[in-house]
1. Could you report the accessible area of Lys210 in Å², rounded to 10, computed with a 1.4 Å probe on the protein chains as they sit in the structure?
2. Please list log₁₀ I(q)/I(0) at q = 0.09 Å⁻¹ for segment 206-351, using the Debye equation with identical point scatterers on the alpha-carbon positions.
3. Report the one residue of Gly226, Pro52, Tyr198 whose Cα lies farthest in the direction of the positive end of the charge dipole of the chain (charges on C-beta: Lys and Arg +1, Asp and Glu -1; origin at the Cα centre).
4. Give me the net charge for the shell around Gln256: Cβ to Cβ below 12 angstrom, other residues only, Lys and Arg +1, Asp and Glu -1.
5. Using 0.36 nm times the number of residues separating Tyr22 and Ser264, minus their current alpha carbon distance, what extension gain do you get?
6. Taking Lys210 as the anchor, which aspartates and glutamates have their alpha carbon closer than 17 Å to its alpha carbon, excluding any fewer than eight residues away along the same chain?
7. Over 16 Å apart: what share of the alpha carbon pairs of segment 33-132 falls there, rounded to a whole percent?
8. Select from Pro107, Ala260, Asn121 the residue farthest towards the positive end of the dipole of the chain; place +1 on Cβ of Lys and Arg, -1 on Cβ of Asp and Glu, and compute about the Cα centre.
Amino acid sequence: MAKKKSAIRRPKAETPKGFRDYFGEQVAVRRDMLAAIAEVYELFGFEPLETPAVETVEALGKYLPDTERPNEGVFAWEEDDGKWLALRYDLTAPLARVAAQYRFDLPSPYRRYAMGPVWRNEKPGPGRFRQFYQCDADTVGSSATGADAEMCAVTASVLEAIGIGRGRYLLRLNNRKILDGVLETAGLAEADEGNEDYRQRTTVLRAIDKLDRVGADGVRQLLQDGREDDSGDFTKGAGLSSGQAELIMAFVGARQKDNAATCSELRRAVAGSPKGTAGIEELLSILDILSGQGIGESRLAVDPSVVRGLGYYTGPVFEAELVANLDEELNSAARIGSVAGGGRYDGLVRRFTGQEVPATGVSIGVDRLSAVLAARASAAGVQSERGPVLITVMDRECMSGYQAMADEIRRLGIRAEVYLGNASSFGRQLKYADKRRSPAAVIEGTQERERGIVQIKDLIAGARVAKTATHAQWKSRPSQFEVERGQLAFAIKRLLDDTRR
């Protein structure tokens, strides 16, 4: 009897939980956005820096919001020498390491920008992924409030450069020092990293940071005993009394009709706290500097609910969010939330050197902004990015001639490719062109070759005419025409440059 063949266990083709794949147009949108952001950063005088995707766990520090995950929310592993390494969770912690390591070589202040993916071992959720792109700009070595104001200004410039115009975004500004003053009033003293008091204060910060996701009642629960979400998962609270929680909620809801009134309300909330009062003065200085650049109430609001989830912030913090009417324009069922944020982190470099090194920065959320721009383009009926012109293959023995056609078109800066699939039928090749969003297809069979011509099939016009055109319009602008072989590349260029497209 023949032996039974053992069943081959094949891996399941699926994206890991909390991650996603990016395809052609998504990558292209992000590429263009990164280029636009880099241009703005460089106009402001920042220079590029690239650091490894991997840092030591010790260098990264424990600042992530999700403390319930292994290694405080990072993807980490132990090396043979006993050292723990981890994928970076943001671009700021690696910068602190660089600033300390090369402190005698770098200019002070050191102004850099960085772009790339970061990883967080957090619980995935709608719009919340474990890998995402960030674009940061930072100034290390300046304690001036002008450096904090500049981060708000560069964020506004970036948003406008990528197509989020004025009136469609709002910068929301606060100061951790003010919150520290409120916590001091509530009986929560400052504490060193690692002890129980520090963890409690950190839990309070993270609870406030979730206001837009869980609402005021959810924050109250997180400030006290804890909260159970819709999935049944329970998040342990900060353990505050109801009186302490209400004091903090009053601070979170202290935003008034304008920035001056909000600052006055906050000043009353931190009366008697030198640190809180200093935070108010810093806010007023930032508002004054930005006002001189034309960034006023319509684009900038003091908002006490902004605290930022990361634990290393020490002073002014801010977030940029898209305003409600843009959500409506996109027909968004859910609030888009923050698309950028940052603030001052004066203690991060000191962890390495023991010396005070002030720093401030901003991080742009590329993935959210890419999704917004794609949704806006779709809502406005903007066509997807064109694919390559397709050179169809009618005779495989003439492949060198087809490749020459593609080369001539590329020399004019136009994307082009020769069909290299196995399907030989013309219909199958056109289906391929459709999936590639090709604007045109080039056809040269035996008859065309003998006559010294090629056929150009206008795929965009063909699709449009098939949907909307009258018979007369069809005749006046045929979707397929012939040109002399030597004029192929120029004919393609004229076709794609047509203003009616």
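The values are calculated or read from the model by the stated rules, or taken from the named source; none is laboratory data. Computed from a predicted model, the values in this text were never measured in an experiment. Glycine gets a Cβ as well: all are built from the backbone with ideal geometry, and neighbour counts include every protein chain shown. Accessible surface is based on the protein model in full, side chains and every heavy atom, while ligands, DNA and RNA are left aside. Shrake-Rupley method; radii C 1.70, N 1.55, O 1.52, S 1.80 Å.
1. 60 Å²
2. Rounded to two decimals, the profile gives -0.34.
3. Pro52
4. Here the count lands on 0.
5. Details: separation 242, 0.36 × 242 = 87.12 nm, distance 4.72 nm.
Full-extension gain reported as 82.4 nm.
6. By straight Cα distance, Lys210 reaches Asp66, Glu68, Glu122, Asp225, Glu228, Asp229, Asp230, Asp233, Glu246, Asp303, Glu319, Glu321.
7. 63 percent
8. Farthest towards the positive pole: Asn121.
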